[in-house]
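Worksheet: the structure to be examined is printed underneath.
Since every read-out is calculated from the coordinates, none of them should be taken as a lab result. Model, not experiment: these values are computed from the prediction. FYI the Cβ positions are ideal-geometry reconstructions off the backbone, even for glycines, and counts take in every protein chain you see.
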Amino acid sequence: MSSEEDCRLKLIKSRIREFPDFPKKGILFKDICPILKDPGALTAVTSMFEEHVREKFQQVDLVVGLDARGFLFGPILAQRIGVGFVLVRKKGKLAGPTISVAYDLEYGKAEAEIQVDAVSPGQKVILIDDLLATGGTLYAACALMHQQQAEVLGCLVVVELKDLNGAEKLKPHPVYSLLQY
């Protein structure tokens with residue numbers, strides 16, 4: 001790791017806050033909001049994602065952001081690499097025809113959906129979110145991409161909670177995380 005990378009990671013890590021027992025008792029919530037408030041930290045996150053994507057993937061057609069924090073980093077990354085951005089939302093939040101997938105969260109159940117015309121068969125996509133815990137949300141997004149016959153190149157997250165083994169659930173799709181706890 002270069003000293004520049006190390007400095008960027010230290011800056012990003014310094015902007016992660018922890019809130020115990022949120023959204024329910026026993027969960028230590030990693031809050032990325034201070035990253036968004038700090039232009040340097042936001043630039044560091046986006047630059048590291050961009051560098052990774054440019055180094056690892058020859059062609060990317062779309063960046064797919066997960067509701068809701070994937071919406072914060074995804075459009076910036078998409079703009080930087082010159083591709084479109086697509087939303088994966090919680091059930092009932094998108095207009096028009098949609099497809100959905102049910103999944104388990106570490107603290108409950110949910111459904112994710114995408115508009116049926118958002119991704120075309122054969123498109124190469126990168127999925128992005130703020131945090132990987134058990135992998136339920138990203139797994140559901142991968143399932144939606146497979147239903148649309150898109151190729152999932154990989155998943156990007158700011159924070160990965162290693163003890164919850166979310167990356168295992170996402171195999172064979174590679175996961176790139178900036179910080180691991």
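Observations
- Positions within the range 122-181 being in a loop (DSSP other than H, G, I, E, B) and among the basic types (Lys, Arg), in sequence order: 171
- For the range 153-163, the set of residues classified as crowded, with 16+ Cβ neighbours inside 10 Å and not small (Gly, Ala, Ser) consists of 153, 155, 156, 157, 158, 159, 160, 161, listed by residue number.
- Among the criteria (1) under 19 Å from residue 84 (Cα atoms); (2) under 18 Å from the mean Cα position of the chain (by Cα), the one residue 59 does not fulfil is (2).
- Counting the residues of the range 1-18 that are closer than 13 Å to residue 48 by Cα, without any contact (Cβ under 8 Å) to a residue 12 or more places away in the chain and in a helix (DSSP H, G or I) gives 4.
- One residue from 95, 102, 112 being small (Gly, Ala, Ser) and farther than 28 Å from residue 28 by Cβ: 95
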